[in-house]
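I'd like to ask you about the structure that follows.
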Amino acid sequence: MNSYFPITGHTGLTGLLGSPVAHSLSPMMHNTSFQHLGLDYVYLCFDVDENGLEEAVKGLKRCGIRGFNLTMPDKNRMAELADELSPAASIIGAVNTVVNNNGRLIGHNTDGIGFMRSVADAGLDPRGKTVTVMGAGGASTAICAQAALDGVRELRIFARPSSRFHDRTVRLVDTINRTTSCRAALMDQADQTALKHSLEDSYLLVNATSVGMAPNTDASIIRDPSMLHEGLAVGDVIYNPRETLLLKQAAHAGCKTFNGMYMLLYQGAEAFRLWTGQDMPVDLVKELYFRKS
């Protein structure tokens, strides 16, 4: 595909704010999709941390940006700066996608949508079932909120009480229990007995932590791989490496497994839809940038 497409006086601006951002696949995903569909948009990266976010957002808003993504460390701060929040972003307290609606900034969180689409892509349907989630960070929060909205029956979240996100997760659990039909519980990650019992009747285990991510690829969030069993599906939000130690353990136990590559793809696809009203050509993007190795 020709990598050149013209920038005109009518070209709509979209982009990514965060720090660092130079490694992101998002510009390739979005610009390829704009070009393929003949849309007069461009997607750029801006290295902006929390300290400069408010000023940057004001400038982009004044310049008429169509929308933008947020990555770490800006997601929580953007939730405070948005004029309005989607239901998921409100529950999560973090924004990864903003739509500029005639000068009014609407904050969304498409991370959970991206994860749930990747679950479906793996041939799984957790609605009405129990899901065990490891971690209390931004990925966990987004996944749990969207899973609850999408009809998961029960969420069991295992996290360290010393985590700086612990209080936020307590509030998330309360919100899920008050506002959705899902039943959520927060448990101590160190309680291996509780974890074992949770996995025994769970449909899906999700690692939403960075444990096992390169370069520390010899680590797994599950200390005792005998807890993993056939009939349990295992997903890992990590995509570097493509197969973490956890996923290797799970495959050995007969579990169906998937990594975080398509979560990245589908969260971007949902942002693309919110900005343009059109579907991202995900099959093309998969072929160009998400080949399995």
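The values are calculated or read from the model by the stated rules, or taken from the named source; none is laboratory data. Just so it is clear, the structure is predicted and the values come from calculations on it, not from any experiment. When we count neighbours, we look across all protein chains shown, and the Cβ atoms used for this are built from the backbone with ideal geometry, even at glycine. Just the protein is used for accessible areas: all its heavy atoms, side chains included, with ligands, DNA and RNA removed. Shrake-Rupley method; radii C 1.70, N 1.55, O 1.52, S 1.80 Å.
Tell me whether the stretch 98-108 contains one or more residues that are more than 20 Å from Leu16 (Cα to Cα) and at pLDDT below 95.
no
Same structure again: Within the stretch 76-106, how many residues turn out to be open to solvent by less than 40 Å² (accessible area, probe 1.4 Å) and within 17 Å of the chain's Cα centre (by Cα)?
13
Could you figure out which of (1) of a type outside the set (S, T, N, Q); (2) touching a residue at least 40 places away in the same chain (Cβ under 8 Å); (3) not in a strand (DSSP E or B) isn't true of Leu205?
Leu205 satisfies all of (1) of a type outside the set (S, T, N, Q); (2) touching a residue at least 40 places away in the same chain (Cβ under 8 Å); (3) not in a strand (DSSP E or B) except (3).
Of all residues being in a helix (DSSP H, G or I) and among the hydrophobic types (A, V, I, L, M, F, W, C) in the stretch 182-202, which is surrounded by the most Cβ atoms within 10 Å (Cβ to Cβ)? Just the residue, please.
Ranking the candidates gives Leu195 first.
Among the residues of the stretch 109-131, how many are surrounded by 23 or more Cβ atoms within 10 Å (Cβ to Cβ) and either of a type in the set (Gly, Ala, Ser) or in a strand (DSSP E or B) (or both)?
3
Also: Looking at (1) in a loop (DSSP other than H, G, I, E, B); (2) crowded, with 17+ Cβ neighbours inside 10 Å; (3) not aliphatic (A, V, I, L, M), which one does His10 not meet, given that it meets all the others?
Of (1) in a loop (DSSP other than H, G, I, E, B); (2) crowded, with 17+ Cβ neighbours inside 10 Å; (3) not aliphatic (A, V, I, L, M), only one is false for His10: (2).
Mind listing just one residue for me: the one in the stretch 162-181 that is open to solvent by 80 Å² or more (accessible area, probe 1.4 Å) and outside any helix (DSSP H, G or I) and, of those, nearest to Ile143 (Cα to Cα)?
Ser181
Quickly run through the stretch 18-50 and pick out the residues that are open to solvent by 40 Å² or more (accessible area, probe 1.4 Å) and within 23 Å of the chain's Cα centre (by Cα).
The answer is Ser19, Pro20, Ala22, His23, Leu25, Met28, Leu44, Cys45, Phe46, Asp47, Asp49, Glu50.
May I ask you to list the residues in the stretch 225-242 that are of a type in the set (A, V, I, L, M, F, W, C) and either open to solvent by 70 Å² or more (accessible area, probe 1.4 Å) or modelled with pLDDT of 95 or more (or both)?
Met227, Leu228, Leu232, Ala233, Val234
Same structure again: Out of the residues in the stretch 51-75 that are part of a loop (DSSP other than H, G, I, E, B) and closer than 18 Å to Arg168 by Cα, state the one that is most open to solvent (accessible area, probe 1.4 Å).
Ranking the qualifying residues of the stretch 51-75, first place goes to Met72.
Suppose the filter is at negative phi, open to solvent by 30 Å² or more (accessible area, probe 1.4 Å), out of contact with any Ser or Thr (no Cβ under 6 Å at 6 or more places or on another chain) and part of a helix (DSSP H, G or I); does Leu284 pass it?
Considered against the rule, which asks whether it is at negative phi, open to solvent by 30 Å² or more (accessible area, probe 1.4 Å), out of contact with any Ser or Thr (no Cβ under 6 Å at 6 or more places or on another chain) and part of a helix (DSSP H, G or I), Leu284 comes out as yes.
Something else: Filter the stretch 247-281 down to the residues that are part of a helix (DSSP H, G or I) and more than 19 Å from the chain's Cα centre (by Cα), then identify the one that is surrounded by the fewest Cβ atoms within 10 Å (Cβ to Cβ).
The selected residue is His252.
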